[in-house]
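Quick notes on the structure that follows.
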Amino acid sequence: MSERPLDPFAVPSQTALRFVLLMGSIVGTSVFAFNILYFSLSPQGASEERVYSRCWEVAPGAEGSDIGAVAGRLLACVAPYEQAKAVWVAGGLALLFLVAGLIYWYLPAWRIRRLGLRPLRAEDAPDHVRELDGLVAVAGLARPPTYLWRLTGSVGGVAFGRYGRRYLGLDAGLVTKLVTDRAAFRAIVLHELAHLRNADVDRTYLTVAFWRAFVIVALVPVTVSLADEPDGASLGVVWRLLFLLAVVYLTRNAVLRSRETYADVRAAMWEGGAGGLEAVLSGRQHDDPPSGGSRHKPFLWGGLVRRHFEPQVRLRLLRDPEAVFAPGFWESFGAGLATTIVYGNLATLLWLAAPRLDALVNRWLSALLFAPLAMGVVAVAVWRWSAYRAVRGRARSRLAYVGLGLGLGLVLGQPLSAASAITGSWSGTGDVTPLLWLVSAAVTVACACLIVRWIATTAAAWLPVIGRAPIGVAVVPIVVAASCLFACWFGVQLLTLEVPDLSQLPAGDYLQASGLNGTATVDRAGPWWLWLALNHPLSQYFSRQVVIAAALVGVWAVPLAAWLVRPPAHGCPSWLTRLTRPPLVLTRPAAAVRLAVLTGVGAAVAYAASLLAIRFLAHQAYTPAQRALPGFALLFNHWQVSLAILLQAVAATIVACVITLRRQRFAVVLGMMAAFLTGAIGALVMPSAGVLGGCLDAFSLRPGPCAWDVSLSAVRLPLGQVTVVGSLAALVAALVVHWLARSTSVWSARATSVVSRRPSPAAPATGIAPIVPMAIAVAALTVLWIPETVRIPPEPPPATLGLDPAALEACDLLHRLPSQEDLRATLLALLDAADRSTHPVMTDEALAMRHAITDGDPQAYAFHLRRLTALCPP
């Protein structure tokens, strides 16, 4: 049985993706070139190193320990230099676009004059014009192009033009083919008209225009400026520039090759199986054999540097459509490269425009500006390939190449940036050691592969329920979601590289630095890596970021949201009807949402029982004096959060293992959903257990009222930790178990195929199961997002009611705080006294103040200080 013919125009084409990639590569390389030009030619450019050295000397000021003040002074010092450079780069880009626009507009007229083309009128050749008009009607063009011809013996044609004016040029040898070989004439003309129908003429001539403008505006000036530089000083710039130039050149050729392939496919479809184009290509194959006598060399070498494939390669692509649908390594590599090269300059410009932005927010916004470039190219390519595999289920996966290309592009983009060329480092700054850079590179490649795999998982969930929307439109929300996920991860990783390394601190030293004294406490703190994972200031800072929490929730929520949408009533989405005729019936893969929900809730119940048992045993094992020690509450909180994260990983492991062994899909995302449910419910159980301790003494750690008087910070911190750290732990556990289960079981690709050749009964609407975890996710993210200062504190109790001696000592220090010279020592003594108190509200407020100091959050600090003041007698 022959395979069903496929229509590649039912999905977004490679030509459009490669054109977008070309524009990103040209902009990124031009930004690099204009930075180097500013550094070499501008009078202020040569002073960059001197400016930054001077600013680093004056930035610390009197209070060098205040990181925010240091950053502000450094910004104010370097702002004039960076602003002048930004104007220079923006002006260069404006000139680049202006020159490219002029070239694009006047290129058709120049081509007509250079080739000696002249009008082909009906009165001169009525049969030819009549035949051309008929082919234009076959092509479905709204308006025929202007027909031209030239006096040459070659047999060929060309479609060209600009916006509003299209031309079709024919060689004299082709004109005579209408009489001698009408099938060849029709095939060649239909191929050229296919360029107009595919709307790739503008892309082609914009590609040529931007390439020439780049050479004129950026490449030549940089080459001239580097000629006067010493060899050692310019070597770092030269090799980077050559590499970027090769990327732009190869991307340009990829655009031109891709348009030819799609024109061949379109023309062959119009022929309706006549085989005229195949006959023409076969004839050219015999007339023009591959160089070197090898059939494979032209494809391997020509696939990179040629603007047109060899005839035998075009024949193979015409007969085997897989290469038209398959995503490529170089597309994703170029997308990652262009994104990273431009990222550093955008971060600096955004820093100058909004100096009060948080460091992490700055990196997020900078990455988000160019994330749609990388994610748009990758997401559309992966969705196109997923649609092809839905019809040709036996096709092997190519996602590993896409993820590897994206990751390597992101990694190599850092040493290829202008900052790296100027500083001579591989990261844009001189503070990253080679070992740390290699570790960061490995993490980047791994995360890129995971994002590509997530996009493929999302495509498998959403393709069956798209309905009437084309894939190009339906993929837009996924591109937005993937861009947000990419920007979130990329900003976090880059910020982490700039934080001093505290991983070498032993557990005892770190606990003592956190205010926990005594060897008994240190011994019970567990592994130092676990303590750092939860209590490191950077970890707690990330745990409080609602954007990171939302991104991790979106990992499972975006694919599973497809189960809230009803499939098309006829069982066949419109894109599938266009892709293959007669259409197949695409059934939605089964997803064990109910299993994941029940497992997550069951693990949360197990956590609640375990936590109550631990509180009961701690109440029996420790005296009230021991439970009142300053570090006991912090240490107990560490272990109760650790237990919740452990059960999150267990829940994810169970779900991923069971689903994988059942040979079903979405094992990892469902495992993460189960883990989130466990963590979210567990975060609510933690303060509830404390309230229960106030009601039942057997479960209490410190005396407290039997009432729900829990500050928002007491809920937000553990909720953020289980949502961020717990989700990451669950992701790792689910991935490992999924891989092991697939490796040890008999995994059949047919068992997971999403295509059914027979209509299957309509599946019942199963939207209720995903709604439950999504509603919990919305509630959890709302709690993390609400500013802490919006909470209206309850009326405080009478001033001295229930205040023990330690609380009164803290109040005394609080009243003396404004008059003390050594504010830091007095504040630490105040917090230590509040920690020793048995008053639950005072202890919670002191803990919240510590977290606010660690996070550098003055608003939260002032809010909890006011609450603490309200508890104290006047």
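The values are calculated or read from the model by the stated rules, or taken from the named source; none is laboratory data. This is a predicted model, so every value here is computed, not measured. Note that each Cβ is placed from the backbone with ideal geometry, even for glycine, and that neighbours are counted across all protein chains shown. Side chains are part of the model used for accessible areas, which takes the heavy atoms of the whole protein and leaves out ligands, DNA and RNA. Shrake-Rupley method; radii C 1.70, N 1.55, O 1.52, S 1.80 Å.
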Which residue pairs have Cβ atoms under 6 Å apart, sit 6 or more places apart or on different chains, and have a first residue in region 530-547 that is in contact (Cβ under 8 Å) with a residue 24 or more places away in the chain and a second that is outside any helix (DSSP H, G or I)? W531/A525; L538/V499
If you go through W563, W489, W575, the only one that is aromatic (F, W, Y), crowded, with 19+ Cβ neighbours inside 10 Å and at pLDDT below 75 is W575
Apart from one, (1) outside any strand (DSSP E or B); (2) in contact with a Phe, Trp or Tyr (Cβ under 8 Å, 6 or more places away or on another chain) all hold for G134; the odd one out is (2)
Touching a residue at least 24 places away in the same chain (Cβ under 8 Å), among the polar types (S, T, N, Q), touching a Gly at 6+ places or on another chain (Cβ under 6 Å) and within 20 Å of V597 (Cα to Cα): does that describe T678? yes
Working carefully through the options A183, A194, A187, A199, find the one that is surrounded by fewer than 18 Cβ atoms within 10 Å (Cβ to Cβ) and not in a loop (DSSP other than H, G, I, E, B). A183
Conditions (1) out of contact with any His (no Cβ under 8 Å at 6 or more places or on another chain); (2) surrounded by fewer than 21 Cβ atoms within 10 Å (Cβ to Cβ); number of the one not met by W149: (2)
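With respect to F214, determine if the residue is touching a residue at least 40 places away in the same chain (Cβ under 8 Å), open to solvent by 60 Å² or more (accessible area, probe 1.4 Å) and not in a loop (DSSP other than H, G, I, E, B).
Judged against the criteria, F214 is not a match.
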Here is a check on your reading of the model: is S225 part of a helix (DSSP H, G or I) and either in contact with a Phe, Trp or Tyr (Cβ under 6 Å, 6 or more places away or on another chain) or buried (at least 21 other Cβ atoms within 10 Å of the Cβ) (or both)? no
Does F185 count as in contact with a Lys or Arg (Cβ under 7 Å, 6 or more places away or on another chain), more than 19 Å from R111 (Cβ to Cβ) and modelled with pLDDT of 85 or more? yes
Identity of the residue in region 98-141, β-branched (V, I, T) and out of contact with any helix residue (DSSP H, G or I) (no Cβ under 6 Å at 6 or more places or on another chain), that ends up most open to solvent (accessible area, probe 1.4 Å): I112
Test each condition in (1) part of a helix (DSSP H, G or I); (2) open to solvent by less than 70 Å² (accessible area, probe 1.4 Å) for T176 and report the one that comes out false. (2)
Looking only at region 620-654, which residues are among the aromatic types (F, W, Y) and open to solvent by less than 40 Å² (accessible area, probe 1.4 Å)? F632, F636
Test Y388 against the stated conditions and say whether it is open to solvent by less than 40 Å² (accessible area, probe 1.4 Å), modelled with pLDDT under 80 and more than 30 Å from Q540 (Cα to Cα). yes
Of P718, P703, the only residue that is under 25 Å from Q626 (Cβ atoms) and part of a loop (DSSP other than H, G, I, E, B) is P703
Within the set of pairs 6+ apart or on separate chains, which have a first residue in region 78-102 that is more than 30 Å from Y205 (Cβ to Cβ), a second that is in a helix (DSSP H, G or I) and acidic (D, E), and C-beta atoms under 8 Å apart? Y81/E48
I'd like to check something: does region 161-168 contain any residue that is open to solvent by less than 10 Å² (accessible area, probe 1.4 Å) and either at pLDDT below 90 or not hydrophobic (A, V, I, L, M, F, W, C) (or both)? yes
Being modelled with pLDDT of 85 or more and either outside any helix (DSSP H, G or I) or out of contact with any Leu (no Cβ under 7 Å at 6 or more places or on another chain) (or both) narrows V668, V605 down to just V605
Just to verify a result, which residue in region 671-697, among those that are at pLDDT below 85 and within 23 Å of R836 (Cβ to Cβ), is most open to solvent (accessible area, probe 1.4 Å)? D697
For region 349-359, indicate whether the set of residues that are modelled with pLDDT of 75 or more and either surrounded by 19 or more Cβ atoms within 10 Å (Cβ to Cβ) or of a type in the set (D, E, K, R) (or both) is non-empty. no
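The rows are residues; the columns are (1) among the acidic types (D, E); (2) at pLDDT 75 or above; (3) within 16 Å of G24 (Cα to Cα).
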| position | (1), (2), (3) |
| --- | --- |
| L206 | no, yes, yes |
| A209 | no, yes, yes |
| R212 | no, yes, yes |
| A218 | no, yes, yes |
| V224 | no, yes, no |
| D228 | yes, no, no |
| L235 | no, no, no |
| R240 | no, yes, no |
| L245 | no, yes, yes |
Residue list for region 655-664, filter: more than 10 Å from A741 (Cα to Cα) and either at pLDDT 95 or above or open to solvent by less than 10 Å² (accessible area, probe 1.4 Å) (or both): V655
